[in-house]
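Every read-out reported here was derived from the displayed coordinates using simple, explicitly stated rules and does not represent laboratory data. Since the structure is predicted, the reported quantities are computational estimates derived from the model, not experimental observations. No Cβ is skipped: glycine too gets one built from the backbone with ideal geometry, and neighbour counts run over all protein chains shown.
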Amino acid sequence: MSNPIKLLAVAPYCDGTDVGEAWCAHQWISHLSEVADVTLLTLKRPGCPPASEQLPGTNVIEWDERAALARFERLNSMLKPAYISFYLRARQWLTTELSRGRTFDIAHQFSPIALRYPTPLTGFPIPYLIGPLGGSLDTPAGFLGECQSAAWYTRLRRLDRWRLKRDRLLKNSYSEAAAVLGVAPYVEALLAPAGPQRFEVISELGIENLAAPRCRPGKPGTLRLIHVGRGVRTKGLRDAVRAMARLPETLDVRLKVAGRGEELSICQLEAERLGVGQRIQFLGQVPRSDVETLYREADAFLFPSFREPSGSVIFEALRHGLPVITTNRGGPGYVVDDSCGISVDAHSPEQLANDLAGAITTLALDLEHRNRLSAGARKRVEQIGLWANKIDWLIGLYGELANQDQLIFQEAV
């Protein structure tokens, strides 16, 4: 297509000043607006700068979110009750605009990221995409005993699986889509009951550029590790602490931990109990600039999260050329391959701690292997994480799907 593609973007939660999926949707739409003619359907959230101000290069259609709902931040974040109203408004807007002769080459719903929300795009003569989608990962059975404090809303994962089999509105959202995007291959397995026509893997996350390369000479037997993340059980910090206690005594391995949460005090006690308190530094919540310094000073990134849909910190570590030690589940299991890190199974705390210790030992002793992974880390994140590359890929997919839909229409006529 010689002219910019006409894209209808759907993202009820789109805010560059927020975090999580609202921030990710803003990044996608901001970058796409530089190369495409984008119309965005979204919500105007009380107390937040509207998308129409944040995205001056985008044609923004926004509706007010009810203030009464916005006050319940946690409920709003997990269940998104305002989505019902948004869904109905979006369908009405589409019906009206298309009847007036308005056209789009393609439509794309970017948020919510969870698999439980039907799209308002079904039934209209526009090929559409949904995603990147993520979430609905379960907890490995061996870890259930240590994850009892998980919030009640995690039970929605079970309901998601049932609805993908039984809820016709939800199933049609995925089966009628020209393509569904997922943050990792596990999403395709979850969506299988809905029968999507085409599935592609791409993370909802991205980076603007690579950090400046830095020489990490090191010496055999020493290793500086960092763990960055919220202090919750599923991030694997407790397993990292236990792995530190299982390393050979001849190694000089240090671990710095950045983040806060209920798990931190548990892990500090565990470190003292296991006799590794002197080798682990718990920093608590640190400023963004200090986190960047931690990445620059480290030799490798230890992040054994076992229920991680995607993992923004993985991208941050790879951006700095850090080899990553993680689990082979969810998003990290896709992002981290043999070229940039070591992935281990996560069946039980005992097994995970043992395998992490083995991976740490490998990186501590084999400098040549560590350096290869460091170079591979930058190449991997450049390939799948740079926004410029991600947008080029997506624009190509838009063109392919729009042309494919046009051919199908001409054959039908």
| task | Mind putting a number on the dipole of the stretch 188-289 about its Cα centre? Charges go on the C-beta only, +1 for Lys and Arg and -1 for Asp and Glu, and I need it in Debye to the nearest 20. | result | 420 debye
| note | Of the candidates Ala364, Ala377, Ser348, the farthest towards the positive dipole end of the stretch 324-382 (Lys/Arg Cβ +1, Asp/Glu Cβ -1, centred on the Cα centre) is Ala377
| Assigning unit charges at the beta carbon (Lys, Arg +1; Asp, Glu -1) and nothing else, what dipole magnitude in debye, to the nearest 20, does the stretch 286-359 show about its Cα centre? | 220 debye
| request: Please get the size of the charge dipole for the chain, origin at its Cα centre, with Cβ charges of +1 on Lys and Arg and -1 on Asp and Glu, quoted in debye to the nearest 20. | output: 860 debye
| task | Restricting things to alpha carbons, tell me how big the stretch 182-318 is in terms of Rg and Dmax, in Å. | result | 17.4, 54
| task | Please work out how much length the chain gains when fully extended from Glu272 to Gln285, using 0.36 nm per residue of separation minus the C-alpha to C-alpha distance, in nm with one decimal. | result | 2.6 nm
| task | Give me the number: length gained by fully extending Arg91 to His369, i.e. 0.36 nm times residue separation minus the C-alpha to C-alpha distance, one decimal in nm. | result | 94.7 nm
| remark: Computed over the chain: longest principal axis from alpha-carbon atoms vs helix 156-166 long axis, angle to nearest 10 degrees, is 40 degrees
| task | Working from Cα positions, state the angle (0 to 90°, nearest 10) between the long axis of helix 367-385 and the longest principal axis of the chain. | result | 10 degrees
| request: Largest first and in whole Å, give the semi-axes of the chain's equivalent ellipsoid, each being the square root of 5 times a Cα gyration tensor eigenvalue. | output: 41, 23, 20
| Which Cα, out of Cys267, Asn59, Val201, lies furthest along the positive dipole direction of the chain (beta carbon charges, K/R +1, D/E -1)? | Cys267
| field | Residues of the stretch 302-332 with amide N under 20 Å of a point placed 7 Å along Cα→Cβ from Arg260 | value | 313
| request: Order the peptides 39-52, 231-244, 379-392 from the highest to the lowest mean number of other Cβ atoms within 10 Å of their residues. | output: 231-244, 39-52, 379-392
| task | Quickly work out the Thr122-to-Ser175 label distance, labels modelled 7 Å from Cα along the C-beta direction, and quote it in nm with one decimal. | result | 0.9 nm
| message | So, R0 is 56 Å and r is the distance between the beta-carbons of Asp252 and Glu34; what FRET efficiency does that work out to, to 0.05? | response | 0.70
| field | Approximate spin-label separation Ala212-Arg166, in nm, with each point projected 7 Å along Cα-to-Cβ | value | 5.9 nm
| task | Set Lys and Arg Cβ to +1 and Asp and Glu Cβ to -1, take the dipole of the chain about its Cα centre, and tell me which of Leu318, Trp162, Gln27 lies farthest positive. | result | Trp162
| the chain: most fluctuating residue of Thr326, Thr103, Thr119 per GNM, C-alpha cutoff 10 Å | Thr103
| In units of 2.2 N^0.38 Å, what is the alpha-carbon radius of gyration of the stretch 270-366? | 1.09
